[in-house]
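Please read the structure below before turning to the comments.
None of the figures in this text is laboratory data; all of them are computed from the coordinates on show. The shown structure was predicted, so the numbers you read here are calculated from the model rather than taken from an experiment. Virtual Cβ from ideal backbone geometry, glycine too; neighbours counted across all protein chains shown.
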Ligand SMILES: O=C(O)CCC(=O)C(=O)O
């Protein structure tokens with residue numbers, strides 16, 4: 001598949017692009033079944049609600065990806081990390097021939113999967129999940145430039161009740177000051193200039209098989225899950241091949257997987 005010029009302009013302008021009914025339902029069901037088994041057994045590496053909500057940014061960077069922390073049995077898993085190596089079904093989706101040309105077009109160069117960051121099954125569990133506050137993924141990552149895009153795949157319905165993603169269109173191209181963020185790099189909701197911007201937020205309910213591409217600087221958030229059913233999604237990030245991770249940072253600490261370049265972007 002190739003994106004139209006209009007779709008590329010939409011991504012450039014808004015910082016995200018919805019691709020309805022992009023992935024086959026059967027593949028989504030298989031991914032979900034495998035993910036549920038890994039979640040049930042808390043197969044490491046995982047991120048827990050505890051790590052996400054309580055710990056400081058520095059503490060979180062230290063524990064992520066190192067295995068199961070001692071407290072993990074009692075707390076809810078928020079995400080399964082490093083899913084590329086967990087199962088061939090996960091790998092096949094990330095390398096799928098339908099998505100590869102789209103990613104090359106969006107990035108304008110050869111796409112490379114980063115294992116260091118979003119390479120995850122993301123959950124919102126009933127009763128235990130928390131909201132994800134407004135943030136830009138790029139603030140937590142360390143790359144030479146911002147040519148990175150995340151690929152979100154809905155494995156079932158996602159809506160305002162179970163924590164669908166919300167975006168601030170165009171925020172990936174805006175300049176912000178440090179005062180607009182708290183010490184954990186969340187975009188403050190009680191600063192007047194932020195409040196005005198947050199009013200422009202949008203969200204699109206998703207169905208199984210829908211894909212959302214979003215830029216690494218786009219401000220986004222998600223509510224907690226207020227239903228009785230887990231919400232499970234797949235998210236992974238690709239970068240342009242010419243965009244290198246900074247040495248000595250977590251972004252450079254994991255393998256990268258270049259995708260085949262089928263046609264010139
Ligand atoms: O909690 C969610 O579903 C949103 C995930 C997210 O924003 C992120 O992982 O960057």
Exercise. Return the calculated 222 nm mean residue ellipticity for the chain, to the nearest 500 deg cm²/dmol, obtained by summing -39500 (n - 2.57) across DSSP H runs with n ≥ 4 and dividing by the residue count.
Key: -6500 deg cm²/dmol
Exercise. Using all C-alpha to C-alpha distances in the chain, build P(r) with 5 Å bins and read off the rounded percent in each one.
Key: 1, 6, 13, 18, 21, 20, 14, 7, 2, 0, 0
Quiz item: So how far apart, in nm, are the two label points at residue 174 and residue 12 if each is 7 Å from Cα heading toward Cβ?
Solution: 2.1
Practice problem: Within the stretch 219-261, which residues have the backbone N less than 19 Å from the label spot 7 Å out from residue 157 along Cα→beta-carbon, could you tell me? | Solution: 223-234
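Per the Kirkwood formula on distinct C-alpha pairs, the Rh of the stretch 190-245 is how many angstrom? Don't skip to the answer; put the middle values down first.
Values: mean 1/r = 0.0671 Å⁻¹.
With all distinct Cα pairs of the stretch 190-245 included, I get 14.9 Å.
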Quiz item: If r is the Cβ-Cβ distance from residue 227 to residue 204 and R0 is 22 Å, what FRET efficiency results, to the nearest 0.05?
Solution: 0.75
Self-check item: Pairwise label distance in nanometres, residue 246 with residue 33, each label 7 Å out on the Cα-Cβ vector
Solution: 4.4
Exercise. Return the FRET efficiency for the residue pair residue 128, residue 2: r is the Cβ-Cβ distance, R0 is 51 Å, and the value is rounded to the nearest 0.05.
Key: 0.80
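Please list 246-255, 37-46 highest first by mean number of surrounding beta-carbon atoms within 10 Å per residue. If you can, show how the numbers build up before the last one.
Details: 246-255: 13.6, 37-46: 15.4.
Peptide ranking by packing, descending: 37-46, 246-255.
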Practice problem: Can you grab the distance from the C-alpha centre of the stretch 189-222 to the C-alpha centre of the stretch 95-109, Å, no decimals? | Solution: 23
Quiz prompt | Separation between Cα centres of the stretch 75-93 and the stretch 1-28, rounded to whole Å | solution = 22
